[in-house]
Amino acid sequence: MKKILMALAAAAILAGCSKNEQENVDGFTPKQIKFTNLNDKLTRAANDGNDPYRVYAAWSGGTGWFINDQVSASDVPSGGPYYWPASGSVDFYAWAPADVAATGTYPTLSIAYEVPANANKDFTIAAPQLGLTSGTVGLAFSHMLAKITVTAQLHDDLSDAGYQLSTIGLTASLDVQSTGGTIDPTATTPAWASPNSTSATYAGAASYMIMPQSSAGCKVKITAGITITKNGTTIYSGDLQQYTIATGNIPADEFEKGKHYLLKMIIDADSHGGGTDPIFNIIEFESSIAEDWTAVTPDPELPQP
């Protein structure tokens, strides 16, 4: 049986009828509810990979969720099709990934989210679509996490002295002070509440998607992928010292949701240690906010993978 929900003049609800059965009721022809991920079509932004997402819908004439379903990458609900009711309007809420569970009593929802152990998964919520009665439901998703990308660069003095840096295969560890919290996906502007104070270390990559939090006290360390050469000879290869992010290093001292932070470890030299080449163990820190969530513009002076 196809999932059709409509109200007659007497306010009776007919559910679970087939499309043909509904066509025979007062000449009403149900129209299928279709969805589209606007991010995939308009901008390289949240959920632009067209990942499956979860949709909840509340009908103004009902007392329970009209839709609670996963919508696939082809914008097709797994349990559908669903049809517009004959009267009243429908409010739609959505987020991705689709396997993130929500709790709550109709018509409220709450998501308790925990960043995965490798911090490699985005979490997005779509702007609510309210009071709709027909047409395709367009969903525009926004990032709810902060993204951190770690890069490296030689100090100008070293570059001027003929040293070159390769960051092929660069990986970094990131120590954070919060890994999760709760959020209301029905809010016009979703905001994190009750963030935990659980610390964690993410490792094995150069980019991570983390819980928005205070930046002061978080730590970053490049763990592999640093090779420094001069005149074709490798001078140093390995990791770098850990850097503790200080007050003032990041704007407003916050890793904010929806922003992509580039953390640049600038390699300086403290001494020659009695030899002819410097010891690369002073790290200067520089940060910026990228315009694009997905792309990082490489330093053209560095060898690229």
**Message:** I want to confirm something. Restricting to the range 33-61 and keeping residues that are modelled with pLDDT of 95 or more and not in a strand (DSSP E or B), which single residue is nearest to F123 (Cα to Cα)?
**Reply:** I33
**Message:** Any residue at all in the range 96-108 that's buried (at least 20 other Cβ atoms within 10 Å of the Cβ), part of a strand (DSSP E or B), at pLDDT 95 or above and aliphatic (A, V, I, L, M)?
**Reply:** no
**Request:** Say whether the condition of being part of a strand (DSSP E or B), in contact with a helix residue (DSSP H, G or I) (Cβ under 8 Å, 6 or more places away or on another chain) and under 22 Å from W293 (Cα atoms) is met by at least one residue in the range 139-157.
**Result:** yes
**Message:** Being of a type in the set (V, I, T), more than 21 Å from T179 (Cα to Cα) and either touching a residue at least 24 places away in the same chain (Cβ under 8 Å) or not assigned by TED's automatic domain parsing to the domain that holds K259 (or both) is true for just one of T103, T124, T133. Which residue is that?
**Reply:** T133
**Item:** the range 137-163, residues that are within 30 Å of T233 (Cα to Cα), buried (at least 19 other Cβ atoms within 10 Å of the Cβ) and of a type in the set (G, A, S)
**Value:** A152
**Item:** Single residue of S134, S89, S166 found to be surrounded by 16 or more Cβ atoms within 10 Å (Cβ to Cβ) and at pLDDT 95 or above
**Value:** S166
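Quick grid of which residues meet (1) of a type in the set (G, A, S); (2) out of contact with any His (no Cβ under 8 Å at 6 or more places or on another chain); (3) under 21 Å from N39 (Cα atoms); (4) assigned by TED's automatic domain parsing to the domain that holds I226:
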{"position": "A96", "(1), (2), (3), (4)": "yes, yes, yes, no"}
{"position": "A112", "(1), (2), (3), (4)": "yes, yes, no, no"}
{"position": "A117", "(1), (2), (3), (4)": "yes, yes, no, no"}
{"position": "N120", "(1), (2), (3), (4)": "no, yes, yes, no"}
**Message:** Quick check on K264: is it more than 30 Å from S142 (Cα to Cα) and among the basic types (K, R)?
**Reply:** no
**Message:** Would you confirm whether or not the range 191-207 contains a residue that is out of contact with any Cys (no Cβ under 6 Å at 6 or more places or on another chain), touching a residue at least 40 places away in the same chain (Cβ under 8 Å), over 21 Å from W293 (Cβ atoms) and not in a strand (DSSP E or B)?
**Reply:** no
**Prompt:** I283 passes all but one of (1) in a strand (DSSP E or B); (2) surrounded by 15 or more Cβ atoms within 10 Å (Cβ to Cβ); (3) modelled with pLDDT of 90 or more; which number fails?
**Reply:** (3)
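Could you grab me the full set of residues in the range 169-190 that are farther than 17 Å from L145 by Cβ and either modelled with pLDDT under 95 or β-branched (V, I, T) (or both)?
T171, T186, T188
The values are calculated or read from the model by the stated rules, or taken from the named source; none is laboratory data. It should be emphasised that the depicted structure is a prediction, and the values quoted were computed from it without experimental measurement. Cβ atoms come from the backbone with ideal geometry, glycine included; neighbour counts cover every protein chain shown.
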